[in-house]
1. Per DSSP helix of 4 or more residues, -39500 (n - 2.57); summed, then divided by the residues of the chain. What does that give at 222 nm, rounded to the nearest 500?
2. Taking the Cα atoms of the chain, what is the range of coordinates along each of the three principal axes, in descending order and whole Å?
3. By how many nm would the segment from residue 157 to residue 180 grow when fully extended, if each residue of separation counts as 0.36 nm and the alpha-carbon distance is taken off?
4. About the Cα centre of the chain, how large is the charge dipole given +1 on each Lys and Arg Cβ and -1 on each Asp and Glu Cβ? Please answer in debye to the nearest 20.
5. Could you list which residues have their amide H under 5 Å from that of residue 22, counting only those 5 or more apart in sequence or on another chain, with H placed in the peptide plane?
6. Please report the relative contact order for the chain, taking Cα pairs under 8 Å with a sequence separation of at least 6, and give it as a percent rounded to a whole number.
7. Given R₀ = 45 Å, FRET efficiency for residue 91-residue 143 by Cβ-Cβ distance, to 0.05?
8. In degrees from 0 to 90, rounded to the nearest 10, what is the angle of the helix 81-91 Cα long axis to the longest principal axis of the chain?
Amino acid sequence: GLFTGWFAIAKYRPKAILAFYRDESSLLTGYLLHKLSGLPLYSYFCDMYLENYPGGYYGKLAAWLQPRVFRESTRVIALTEAMREYYRQAYQVDALVLPHCNNDPVLTIPYQVEVHAPFRIAYLGTVNMDRILSLQALCKAIDGRKEYFFSYFTATSPDYLAQHGLAIQNSEIKFIPRTEQLLSELAACDLLFLPVMSTSEGQRELQIIT
C-alpha cells in the first residue's frame, strides 16, 4: 500500500508513478504517492471507473478520485479507442491508447456448430465489482430455466458468487488452468457472455458476443 510505495520511492528513486484502474486501491495509492512525492503521475484506465459505480461508498470514492487523477496526470492512458473518445467527449481528456498485447500463438480448436440443449452460456474471468450488476441481470433472466445452463470459468470463489446471488441452480463454477482445456470447454458453449459498460447516454447495457 502507501507505506510500501513510499519505501520503494525512497529506495529506488523512480522518475514517475504509474497507477492503474482495474483496482481503485492502486489508483488511490498512486495518486497519494504523487501528491506526497511530487513525482509525475501517469494513470492507466483498463476499464471505465466512475461510470461503473453509480452510488454507494465506491461511487463516492470514484466521484472524488477520478477528477483529481485526471487533473494531476501527466498523461491519462486508456485501453481502447472507444474509451479515448468517451473521455474526450465527457471529460475533455485527451488520452493515449495502450491496448493489451498478447504475443502467444493463437490456438486453433474445433468449433461446435450445433446449438446445445440446454443452451450453454459461458463467462470467463474474474468476477469484479463492476461485473456483478450485469451478471445478476443475466442470472435473474435464466435462473431455474432448464433450457439454459451457465458455466463460470473463474478463480473467483463460489462463496463470493453465492453472496451476490450469482450461484444459480442451473450453473457451475470451475477454474481450468490449462489453456488448451479451457479453450476446448469454451468451444463447447453456445455463447460467451461479456458484460461491458456502455457509455451511451450514461446507461448500462448488457452486451454479448457469440
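1. Numbers: 7 runs with 79 residues, N = 210.
Calculated mean residue ellipticity at 222 nm is -11500 deg cm²/dmol.
2. Projected onto the principal axes, the Cα atoms of the chain cover 59, 38, 33 Å.
3. Full extension of this stretch gives 6.0 nm more.
4. 860
5. Those qualifying (amide H under 5 Å, at least 5 residues apart or on another chain) are 46.
6. 15
7. After rounding, the FRET efficiency stands at 0.75.
8. Once rounded, the angle reads 50 degrees.
Bear in mind that the values in this text are calculations on the coordinates, not laboratory data. Quantities reported herein were computed from a predicted structural model and do not represent experimental measurements. Don't worry about glycine lacking a Cβ; one is built from the backbone with ideal geometry, like all the others, and counts go over all protein chains shown.
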